[in-house]
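*Asks:* Please find one structure pasted underneath; my questions will follow.
Where a number appears in this text, it was derived from the coordinates with a stated rule and is not lab data. On a predicted model such as this, the values are computed, not experimentally measured, just so you know. In this analysis, Cβ positions are derived from the backbone assuming ideal geometry, glycine residues included, and neighbour counts consider all displayed protein chains.
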Amino acid sequence: MPNIHLTAPMQAYVQAQIASGAYANLSEVVRAGIRLLMEKDGARQFYALKAELEAAQAEAERGDFEVFDPRAFEPDAYAQET
């Protein structure tokens, strides 16, 4: 799998990064790039969740909600109560 094809500008950039001492080799540069992508994806997920929570909060503040009934949601959990 580690067969990487880079454009000429990308190759020049990687070589400059290695020559500057920022990275020791191509693998380090690639790992750094993948880490950034992973962080970006994590941030994307965080902001999507944050937006959903803000929308839910706005709905609740408008009174647009239903009261949660745990017995209706999970009747088997309450079946043994007397």
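*Asks:* Once you place label points 7 Å from the Cα toward the Cβ at TYR13 and ASN25, how far apart are they in nm?
*Replies:* Simple spin-label model gives 2.2 nm for this pair.
*Asks:* Whole-Hz Karplus ³J(HN,Hα) for region 67-80, in order, using 6.51 cos²θ - 1.76 cosθ + 1.60 and θ = phi - 60°, x for Gly and Pro?
*Replies:* For region 67-80, the Karplus-derived couplings read 5, 6, 10, x, 5, 6, 6, 9, x, 5, 5, 10, 5, 8 Hz, x marking Gly and Pro.
*Asks:* Next up: Among PRO75, LEU36, ALA8, whose Cα projects farthest towards the positive end of the dipole of the chain, with charges put on the beta-carbon of Lys, Arg (+1) and Asp, Glu (-1)?
*Replies:* The one lying farthest along the dipole's positive direction is ALA8.
*Asks:* Would you mind putting 42-55, 21-34, 62-75 in packing order, based on average other-beta-carbon counts within 10 Å, highest first?
*Replies:* 21-34, 42-55, 62-75
*Asks:* Okay, moving on. With a/c under 1.5 counting as rounded, go ahead and sort region 19-82 into rounded, prolate or oblate using the C-alpha gyration tensor (a ≥ b ≥ c being the square roots of the eigenvalues; past the cut-off, prolate if a/b is larger than b/c, else oblate).
*Replies:* oblate
*Asks:* Would you mind working out the magnitude of the charge dipole of region 1-55 relative to its Cα centre, with +1 at each Lys and Arg C-beta and -1 at each Asp and Glu C-beta, to the nearest 20 Debye?
*Replies:* 100
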